[in-house]
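Report on the structure given below.
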Amino acid sequence: MQKKMWGGWFETMQSFSSPNIMTPNTGMIDQWQKMVSQSLETWTASADPASKNASRQMVASQAAMMRFMELTISAWKAIAPKVEAGEDWQALITNYTEQMRRQMTPNVAGMNQATQGLNQLWETYTSQIQAFNRPWMEVMQVAPGFVGGSNAEMLDFTKLYWGAFDRTFGSMSGSPSVGFTRELEEKLAKGFEDWRASRQAMDDYQLLVADAWAGVFEQVMREMIQRTEQGKPVQSMRELMSLWTSAADKSFDAIFRSPEYAQVQGNFVNATMQYRISERAIVDETMKYGHFPTRTEMDEAHRNIYELRKEIKALKKALKAKA
Amino acid sequence: MQAFPLQINPEDTLREVTEINQKLLGGIKTLAGLKHSDVQVGTAPREAVYTEDKITLYRYKPVVAEDKLFPIPLFIVYALVNRPAVADLQEDRSLIRNLVKLGIDVYLIDWGYPSNADRWLTLDDYINVYVDNCVDFIREKHGLDQINLLGICQGGSMSSCYTSIHPEKVKNLILMVAPIDFHASGRSPGLINLWGGGINPDLMVAGLGNIPGDLMNFGFLMLQPFALMVQKYADMIDIVDDKAKLLNFLRMEEWIFDSPDLAGEAYKQFVKDFFQDNKLIKGEVVIGKDKVNLANITMPVLNVYAEKDHLVPPPSSRALEKVVGSKDYTDMPFPVGHIGMYVSGKAQKDLAPSIANWIKARG
């Protein structure tokens, strides 16, 4: 019965494989997207930003539609012969999804595992720290207030970072930091810890999303079967796209409503913010070094102005009421 | 024999791709020819009558004779999130224009775009200073003790607070898709409420200062990521050769992505007190020195909500009935979603007349 049910599908599959007929595939989609994007950039060079953005999104969505088509066809190509051989399609879809899940999740988990070594982590961290400092450094180099105004000071500063690493993480015993770089060292150390925590939280979040994404695929496959059983097989790319959208939003919604998601997402946001606070403390130090006002100082100034303005408004209102 | 689940004929696919290409290229040409003025929103004729810091109070130009104008103005308080232009997207999709046509004298507060200098603004500033000063301005201008207040979405929560603190200045209170009980869920709890519980607003504000509008927007898109980020634009291909529909679409895009940042302190208080601790319905919110007691709202109340609202679930709005002190309370459901309240045909036809008639019936 099952074999009979799947029997007619192979003809269709074979036609997809025919060399004379072009169906969407990665190469074709890439080429198509490149061509359309070029036209888009040329024609919309001076267009209204809202129109330009919508055009880009429209092109990207059409490409996504083709990619979903490609993904779906290749999945069925992998599954169909086994069904033909008499295997249970429900179990096959579950297994196929599980394989996808396994393929996707190590990519995320592996990122963290691959950089577990403290030195390697520190290297990544400092390269990021230097990257986000770069725009300020460039400004400082040409600014009249910058000490020396040459690259030498920049190099010294970079050495200071590495020196701070040696002095902090080289001896992670927790002994109190000393010397004129103490504050920077402490901030770098705190930044490193927060950065590591934020990466971990991001990995946890991505694992959950990757899991949800694998669930989307399973949902699409099952809905396709259901539609076929109801005599309403998918007949166009647009229909397939709608099916993906409906399945994806259902699957994501189920995950999004779970307490686990709220917790993992919350951890991710909070850890990222904690790191941003540490990052700012380091940037503040950099700014001070170049005789620039810091974000913290600006906030303080804004707060004072705000409070004074509020006081004046209240006084004016009270005077008006008395008059 | 059972059909294959994917009955897409490769030749048809090729044809479909070719058609998409043709439409896409034609659409891009059309889009490229559009000017910013073609997709401008919030264009109903109006005049800035009062400004303070970054806020502006607008009065919409009446289109009926002075003696036909309803004597008690309606002051609209929109949310701090997104821009109030959604209430006036275009000529034929505009709650504001519809109210003006019905002889309502409409005022609207525009919060502007907070910068880092506004990071310390609190809800007290927004409610007891900006809203209150605008209300006083309108009262003085019209020689009235009381005016009508319409609070939309978060602006509805804020208007409830304002009215409970200054009930003597509000003749009638109208709320539209306004969250009151932030933990009321009904059958489908709002995702924003669920997610709001997991974040630490103190950290967010310490880390970011003001909360970027783009971040808020991303959160809204994540409520239905595929439908809002992929499918919507895939469907756009169907309207690219219809200029009127395309412009409607683009005006909505213009509004969605015109997202002001949120003043840090005000955001912090709103998330903690309203979303996380649900203090509004419990009578525990404190704005400045004033405790908000919704039982102080004794004037007539019209509560308009959207039955299919995924952002503010109907039970969240309807909870107001149990806590207000008003004996003249009216629930008014509309069979639309949150945004449908502004753009759906049903809302266009019925919303403004319903509000105007309700106001006029109460003098």
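Rule-based calculations on the coordinates, nothing more; no lab input. All of these numbers come straight from a predicted model, not from anything done at the bench. Glycine gets a Cβ as well: all are built from the backbone with ideal geometry, and neighbour counts include every protein chain shown.
Cα to Cα, under 27 Å, and not fewer than 8 places away if on the same chain: which lysines meet these conditions relative to A:LYS320? Cα-Cα hits under 27 Å: A:LYS310, B:LYS54, B:LYS141, B:LYS169, B:LYS171, B:LYS289, B:LYS291. Restricting the trypsin sites (Lys or Arg not before Pro) of region B:148-218 to loop positions (DSSP other than H, G, I, E, B) with no more than 12 neighbouring Cβ atoms within 10 Å leaves B:ARG187. Take each residue in B:228-240, count the other chain C-beta atoms within 10 Å of its C-beta, and the mean is 6. Between the amide H of B:MET299 and any residue lying 5 or more places away or on another chain, no distance stays under 5 Å, with hydrogens modeled in the peptide plane. Measuring r between the beta carbons of A:SER74 and A:GLN226 and using R0 = 25 Å, the FRET efficiency lands at 0.75.
Measuring nothing but how far apart in sequence close Cα pairs (under 8 Å, 6+ apart) lie, relative to its length, region A:177-285 scores a relative contact order of 47 percent. Applying the Karplus relation 6.51 cos²θ - 1.76 cosθ + 1.60 with θ = phi - 60° to region B:45-55 yields 3J(HN,Hα) values of x, 8, 9, 6, 10, 7, 10, 7, 6, 9, 8 Hz, where x marks Gly and Pro.
Computed from the C-beta positions of A:ARG257 and B:ALA65 and an R0 of 41 Å, the FRET efficiency is 0.15 to the nearest 0.05.
Please report the projected area of region B:70-213's Cα convex hull averaged over all directions, in nm². All intermediate terms of the calculation are to be shown ahead of the outcome.
On the way: hull surface 41.4 nm².
With every direction weighted equally, the projected area is 10.4 nm².
Sequence-ordered 3J(HN,Hα) estimates for region B:88-105 from the Karplus curve with 6.51, -1.76 and 1.60 and θ = phi - 60° stand at 8, 5, 7, 3, 9, 9, 8, 4, 5, 4, 5, 5, 4, 4, 8, x, 8, 8 Hz, glycine and proline given as x. Annotation: amide H-H contacts under 5 Å for B:PHE75 (H modelled 1.01 Å from N, sequence separation of 5 or more, or interchain): B:TYR107, B:ASN148, B:LEU149, B:LEU150. Subtracting the Cα-Cα distance of B:LYS282 and B:ASP92 from 0.36 nm times their residue separation leaves 64.4 nm of extension gain. Ranked by the mean number of other Cβ atoms within 10 Å per residue, highest first, peptides B:17-30, A:299-312, A:271-284 order as A:271-284, B:17-30, A:299-312.
Summed over qualifying helices (DSSP H, 4 residues or more, each -39500 (n - 2.57)) and divided by its residue number, chain B shows a 222 nm mean residue ellipticity of -10500 deg cm²/dmol. The mean number of Cβ atoms from other chains found within 10 Å of a Cβ in peptide B:116-124 is 4, as a whole number.
Give me the tail of P(r) for chain B as a percent: Cα-Cα pairs with distance above 31 Å. When every Cα pair of chain B is considered, 37 percent fall beyond 31 Å. For region B:118-221, averaging the sequence separation of C-alpha pairs within contact (under 8 Å, six or more residues apart) and dividing by the residue count gives a relative contact order of 22 percent.
If R0 is taken as 51 Å, the Cβ-Cβ distance between A:LEU319 and B:LYS29 corresponds to a FRET efficiency of 0.25. The mean sequence separation of alpha-carbon pairs under 8 Å and at least six residues apart, normalised by the residue count of chain B, gives a relative contact order of 21 percent. Take each residue of peptide B:83-91, count the partner chain Cβ atoms within 10 Å of its Cβ, and average: the result is 0.
Of all aspartates and glutamates in the structure, the ones whose alpha carbon falls short of 20 Å from that of B:LYS279, not counting any fewer than 8 places away in one chain, are B:ASP124, B:ASP125, B:ASP181, B:ASP202, B:GLU265, B:ASP290, B:GLU321.
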